[in-house]
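Engineer: Can you keep this structure in mind? I'll have questions shortly.
The values are calculated or read from the model by the stated rules, or taken from the named source; none is laboratory data. Bear in mind the structure is a predicted one, so any value in this text is a computation, not a measurement. Cβ placement follows ideal geometry from the backbone for every residue including glycine, while neighbour counts extend to all protein chains displayed. When the accessible area is computed, the model is the full protein with side chains, heavy atoms only, and any ligands, DNA or RNA have been set aside. Shrake-Rupley method; radii C 1.70, N 1.55, O 1.52, S 1.80 Å.
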Amino acid sequence: MVPPVRSRAEDVRPLLEMAAIRKSFPGVMAISSATFDLYTGEIHALVGENGAGKSTLIKILTGVHQMDAGSIRLDERPVSFRRPVDAQQAGIATIYQEFTLVPALTVAANIFLGHEVTGNGLLDHRRENRLAAELLGRLGAEFDPDTCVSDLTVAQMQIVEIARALARDAGILVMDEPTAALAPQEVSHLFGVLKELSGRGMGTIFISHRLDEVMAMADRITVMRDGATITTRGVDDFTRTDLIEQMVGRPIEQEYPRNTASPGETGFEVRSLSGGTVRDISFTARRGEVLGLAGLMGAGRTEVARLIFGADRKASGEILLDGRRLDISSPRDAIRSGVCLLTEDRKAQGLVLKASAKDNFALANLASWSRLGWIHQRREQRRFADRTASLNIRLAHSDQPAEELSGGNQQKLLVARWLETNSEVILFDEPTRGIDVGAKYDMYLLIGELAAQGKVVIVISSELPELLGICDRILVMRRGQVAGEVCDASKGTQEEIMALAV
Amino acid sequence: MHSDVKPPVAQTPSRSRGGGGSRRFFTDYGMVIVLAGLCLLFSVLTLSEQHPVGAAAAEDIADNIAKIVPGGSTVLIMAQNSDEDAEFVRKLSENIGGANMILLPPATGAPAVMRGRLAELDSRSRTFQYIITTNNHSATIRLILSQFPAFSDVKVIVPQSYKWPTFLLPDNIRNVANQITVIAIIAIGMTMVIITAGIDLSVGSMIALSAVVVAWLVGQFGGAQASTITMLLAALGGILVCGGVGAFSGLMVTGFRIPPFIATLAMMQVAAGLAYIFSEGKPIYQLPDSFVLLGRGTEPFLHIPNAVILMLVLYAIAHVVMTRTTFGRYVYAVGGNLEAARLSGIRVKAILFSVYTICGMLAGLGGVIMASQLKSGAATYGLTYELYVIAAVVVGGTSLMGGEGRILGTLIGAFIIAVIQNGMNLVNVESYTQKVVLGLVILGAVLVDRIKQTRMNRKASWRGDKAAA
């Protein structure tokens, strides 16, 4: 095992050692062989593609799953956790993507939930608030312990979760995709907090898809692939390309395939669009062009897409395709006019999770293979088979429920749905969020292909390298308006975008 | 897209659905097994001596009489005046008429009439050797016979009895089917509503409203002399009124976002009140005899009740609608994920509005059937029926969370409830205990659903791990 780079020789003492872990689920080997360790004051990142076994490994550590074979040692003592509570009591705090806070309670009440501060058998609110304020102060939080959790932002809730871990004297902090829902400045604040905690000896395990952040934050990185830990190295021993190659298990040439289509005429035009937080947005997009939409969280990117698509009611504005005014007041109108939107949250807004993959695919397209309400099932099956083959969607069978698919396949399934509508304008909102490197690459190729077919492609993304890599032109939004434009994305920089965005 | 850039790992976890067909059948229609088990249970519990009556009894005797009765004997057939006794006498006279024996004119009627007939024969010193009757009259006849010393040698012949479960008698099965029709028909609409993650509490009141409206309309336009057309229009009226009530609930749910539970709870009161207002609190009786054709009539071959045939036809249509049409697909989609359905261009409000309207119309039809069964309309009909309807849907495997459920599952659910009630009646379980058992059955069905769901979720959450990892 490579020792952590930062630790001085005398206090190199593993906080946690997981060795030869194996775990299988009925029919599938989830983890064939995993070895992982964590040192005091270390930030150790765990990376890998979807299905590589990261979450399973973490869930074994936190007592959610039980391992079939292997050993876990905590402070050099063997332990075994049968339930999540066991792991918590041993000082392992886990912060999942979905928070476990009670929205209706105050920050202080949440921090001490289950370990309430009492005096004479009654709750001691004053002392609880004081202790909570102290913890929050250490974490650089600027909100009151009295605040109701439902009034907090996602980033603030995360801080409350961390405060809760501290209140329980956790020695190990496990964070699953902590930055997925954060704006850039919130991410840097979180990282500041984590660095501070690790300076006090907290060991942090940190799962992320965002390789830039992993490279910036971690002391060491462990790569998992196909249910096994492939390598563990200090962060300085990895290059970004190395890391990706280790994750996918083969050399890659290029992370972002650039659009090679030559943009044609102006196909799509938005004139003084307003509604919700969006004020007076105008822009044009040419056929064959990939137009990016950048901006901070809450800048109104998603809102613009939803207004165009008719998902939200627009206050004013015109939308034109090839010079023709489109009359869109509902998603139904938009689809009929040849505009479609791949929403940012595929589970909440895209998929009917319990329904089969085929039914999900068919949802927006039933009219094209039904007559007087009668579904022509053979034609449906044929269209579905064609699309799944061309998009390389992996299914056990066409009736497999959407909820059983991996994130990448779910996303492709939604793309298949929208491609089948033969739309001319395709809005992608965070098309690669939460999907693995291979599926991301497929998505980039697809976006390029659509542009090459002369479609209007608009991509919203929080990952600036991605936007710079695949777009021809990028509009930057700030507070509901267009703040500026990067005319040639291939020459643009992240700094340029950020300067416009904040 | 390039398949060569896909990581090999994504190929491995294509978990097979193990054995496909049969296993899916059990998870989808596992309740069929429960129903079969219940039928078996009640068959065993109600196994008893069955005494043939009517035509069956006549045939049994006709088949065996040559072995029992020597040639040239004189035979008297005795029975009472019920339909099946008349059938017995007629069939028997026909079948043994040609045999080598003398047949006296049959003696049919109440015990007093039977005795009078024997007295008359006695006074004329007319002798005979055999009386043929059915098992349920043999004791009475022997008693009467003992009062005539002249006939002390006369033997009483009855058809052979046999062991058979009372539960499985054709009459009882028809009875079970007939009892469940109203609930089962309304449960079609309820299944659709529940699949959209809604509920309709007003169906019980709508039964009463429809029954009253139908009876009132028939009363207004002809009463006991009303024509068939009038009755059909009146039935349509009842169905449309309830469709209107359902549509109103649908409007409240879609247009004003009132939770379905509240909207239909209110409409439950409104419909019940309207039923009382229409009927002025009194049952309406003046209906033509032919009005009972729907509720009590049967088809001529297997004597399946007309209402049961209507129910089966409606289930067949509903099954096809829910599995083969865009409407059905949209109902599932709206219940599974309303927002995703809306963003896919589905008119979710129109779908929701339709299912409440359909449910109302079917409740109206249920009311028409009940009025026909009882040959009257009263505001007290259908009380607490909404609970049985919802129970049938839930027992049939439809999830109250929406997005899942099957029409044919509901039919099975309705039958499970009917079989339990009927079976408990047959084995003399008192009605209070029946309520307890029925409640536990509903709880059990939901529990099974929960366990199934938890298991599915565990699988899905493991999938989810992979997606999030």
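Engineer: Take residue A:249 and tell me if it is within 28 Å of the chain's Cα centre (by Cα), within 14 Å of chain B (Cβ to nearest Cβ) and farther than 22 Å from residue A:459 by Cβ.
Structural biologist: So residue A:249 passes the test.
Engineer: Can you name every residue in the range A:381-397 that is more than 24 Å from residue A:449 (Cβ to Cβ) and either open to solvent by less than 40 Å² (accessible area, probe 1.4 Å) or more than 10 Å from chain B (Cβ to nearest Cβ) (or both)?
Structural biologist: Across the range A:381-397, the qualifying residue is only A:381.
Engineer: What is the residue count in the range A:365-380 for residues that are assigned to a helix (DSSP H, G or I), more than 7 Å from chain B (Cβ to nearest Cβ) and either surrounded by 19 or more Cβ atoms within 10 Å (Cβ to Cβ) or of a type in the set (Phe, Trp, Tyr) (or both)?
Structural biologist: So the answer is 2.
Engineer: Looking at the range A:437-445, is at least one residue open to solvent by 10 Å² or more (accessible area, probe 1.4 Å), in contact with an Asp or Glu (Cβ under 9 Å, 6 or more places away or on another chain), in a helix (DSSP H, G or I) and over 17 Å from residue A:343 (Cα atoms)?
Structural biologist: For the range A:437-445, residues open to solvent by 10 Å² or more (accessible area, probe 1.4 Å), in contact with an Asp or Glu (Cβ under 9 Å, 6 or more places away or on another chain), in a helix (DSSP H, G or I) and over 17 Å from residue A:343 (Cα atoms): present.
Engineer: Let me ask something else about it. Looking only at the range A:398-430, filter to residues that are more than 10 Å from chain B (Cβ to nearest Cβ) and assigned to a loop (DSSP other than H, G, I, E, B); which one of those is farthest from residue A:268 (Cα to Cα)?
Structural biologist: A:398
Engineer: Which one of the conditions (1) open to solvent by 10 Å² or more (accessible area, probe 1.4 Å); (2) touching a residue at least 24 places away in the same chain (Cβ under 8 Å) does residue A:45 fail to meet, given that it meets all the rest?
Structural biologist: All conditions pass for residue A:45, except number (1).
Engineer: Starting from the range A:226-251, take each residue that is over 18 Å from residue A:210 (Cα atoms) and list its partners that are β-branched (Val, Ile, Thr) and part of a helix (DSSP H, G or I), counting only C-beta distances under 6 angstrom and pairs at least six apart or across chains.
Structural biologist: Once the first residue is over 18 Å from residue A:210 (Cα atoms) and sits in the range A:226-251, its partners that are β-branched (Val, Ile, Thr) and part of a helix (DSSP H, G or I) give A:226/B:9.
Engineer: Right, here's the next one. Take the residues of the range A:266-310 that are part of a loop (DSSP other than H, G, I, E, B) and more than 22 Å from residue A:499 (Cβ to Cβ): which is most open to solvent (accessible area, probe 1.4 Å)?
Structural biologist: A:276
Engineer: Moving to a separate point now. Identify all residues within the range B:284-308 that are open to solvent by 60 Å² or more (accessible area, probe 1.4 Å) and either part of a helix (DSSP H, G or I) or within 18 Å of residue B:210 (Cα to Cα) (or both); write none if there are none.
Structural biologist: Matches in the range B:284-308: B:285, B:286, B:289, B:290, B:293, B:296.
Engineer: Any chance you could count how many residues in the range B:227-275 are of a type in the set (A, V, I, L, M) and within 23 Å of residue B:380 (Cβ to Cβ)?
Structural biologist: 16
Engineer: May I pose another question? How about the range B:315-350: which of its residues are assigned to a helix (DSSP H, G or I), at the interface with chain A (Cβ under 9 Å from one of its Cβ atoms) and small (Gly, Ala, Ser)?
Structural biologist: B:328, B:333, B:335, B:336, B:340, B:341
Engineer: Within the range A:342-352, can you find the residues that are touching a helix residue (DSSP H, G or I) at 6+ places or on another chain (Cβ under 8 Å), more than 7 Å from every other protein chain (Cβ to nearest Cβ) and not basic (Lys, Arg)?
Structural biologist: Residues satisfying the conditions are A:342, A:344.
Engineer: Among the residues of the range A:196-222, which ones are farther than 18 Å from residue A:16 by Cβ and in contact (Cβ under 8 Å) with a residue 40 or more places away in the chain?
Structural biologist: Across the range A:196-222, the qualifying residues are A:196, A:199, A:208, A:209, A:210, A:211, A:212, A:214, A:217.
Engineer: Go through (1) more than 14 Å from chain A (Cβ to nearest Cβ); (2) open to solvent by 30 Å² or more (accessible area, probe 1.4 Å); (3) aliphatic (A, V, I, L, M); (4) not in a helix (DSSP H, G or I) for residue B:379 and report which single condition fails.
Structural biologist: Result: residue B:379 fails condition (2) only.
Engineer: Taking the range A:211-228 as the region of interest, how many residues are in contact with an Asp or Glu (Cβ under 9 Å, 6 or more places away or on another chain), away from chain B (no Cβ under 14 Å) and farther than 12 Å from residue A:43 by Cα?
Structural biologist: Selection size over the range A:211-228: 1.
Engineer: OK, next. Looking at (1) within 14 Å of chain A (Cβ to nearest Cβ); (2) surrounded by 20 or more Cβ atoms within 10 Å (Cβ to Cβ); (3) of a type in the set (Gly, Ala, Ser), find the lone condition where residue B:363 falls short.
Structural biologist: If we test residue B:363 against (1) within 14 Å of chain A (Cβ to nearest Cβ); (2) surrounded by 20 or more Cβ atoms within 10 Å (Cβ to Cβ); (3) of a type in the set (Gly, Ala, Ser), just (1) comes out false.
Engineer: Checking the conditions here, which among A:186, A:213 is part of a helix (DSSP H, G or I) and at pLDDT below 85?
Structural biologist: A:186
Engineer: Okay, moving on. Among the listed residues A:34, A:19, which satisfies the condition of being of a type in the set (A, V, I, L, M, F, W, C), more than 16 Å from residue A:173 (Cα to Cα), away from chain B (no Cβ under 14 Å) and in contact with a Ser or Thr (Cβ under 6 Å, 6 or more places away or on another chain)?
Structural biologist: Going through A:34, A:19 in turn, the sole match is A:19.
Engineer: Give the residues of the range A:37-60 that are closer than 25 Å to residue A:85 by Cβ and facing another protein chain (nearest Cβ under 10 Å), sorted by residue number.
Structural biologist: A:46, A:53, A:54, A:55, A:56, A:57, A:58, A:59 - these are the residues of the range A:37-60 that are closer than 25 Å to residue A:85 by Cβ and facing another protein chain (nearest Cβ under 10 Å).
Engineer: Of the conditions (1) within 14 Å of another protein chain (Cβ to nearest Cβ); (2) open to solvent by less than 20 Å² (accessible area, probe 1.4 Å); (3) closer than 15 Å to residue A:95 by Cβ, residue A:181 clears all except one; give me its number.
Structural biologist: (2)
Engineer: Do the conditions hold for residue A:170, that is, is it modelled with pLDDT under 90, part of a loop (DSSP other than H, G, I, E, B), open to solvent by 10 Å² or more (accessible area, probe 1.4 Å) and of a type outside the set (Phe, Trp, Tyr)?
Structural biologist: When the stated conditions are applied, residue A:170 passes them.
Engineer: Report yes if residue B:49 is open to solvent by 60 Å² or more (accessible area, probe 1.4 Å), of a type in the set (D, E, K, R) and not in a strand (DSSP E or B), otherwise no.
Structural biologist: It is false that residue B:49 is open to solvent by 60 Å² or more (accessible area, probe 1.4 Å), of a type in the set (D, E, K, R) and not in a strand (DSSP E or B).
Engineer: Further question on the same structure: Among the residues in the range A:352-364, are any aromatic (Phe, Trp, Tyr), open to solvent by 10 Å² or more (accessible area, probe 1.4 Å) and not in a loop (DSSP other than H, G, I, E, B)?
Structural biologist: Checking the range A:352-364: not a single residue is aromatic (Phe, Trp, Tyr), open to solvent by 10 Å² or more (accessible area, probe 1.4 Å) and not in a loop (DSSP other than H, G, I, E, B).
Engineer: Do the conditions hold for residue A:411, that is, is it touching a residue at least 40 places away in the same chain (Cβ under 8 Å), within 26 Å of residue A:310 (Cβ to Cβ), open to solvent by 20 Å² or more (accessible area, probe 1.4 Å) and of a type outside the set (Phe, Trp, Tyr)?
Structural biologist: no
Engineer: Looking for whichever is at pLDDT below 90, under 20 Å from the mean Cα position of the chain (by Cα), away from chain A (no Cβ under 14 Å) and part of a helix (DSSP H, G or I) here; the options are B:434, B:373. Which one fits?
Structural biologist: After ruling out the rest, the residue left standing is B:434.
Engineer: Moving on. Give the number of residues within the range B:108-142 that are among the aromatic types (Phe, Trp, Tyr) and touching a residue at least 60 places away in the same chain (Cβ under 8 Å).
Structural biologist: Number of matching residues: 1.
Engineer: Now a separate question. Can you say whether residue B:367 is within 24 Å of the chain's Cα centre (by Cα), modelled with pLDDT of 95 or more and within 28 Å of residue B:271 (Cα to Cα), as far as the supplied structure shows?
Structural biologist: Yes: the conditions hold for residue B:367.
Engineer: Just to verify a result, which residue in the range A:144-167, among those that are over 30 Å from residue A:17 (Cα atoms) and open to solvent by less than 30 Å² (accessible area, probe 1.4 Å), is nearest to the chain's Cα centre (by Cα)?
Structural biologist: Out of the qualifying residues, it is A:155.
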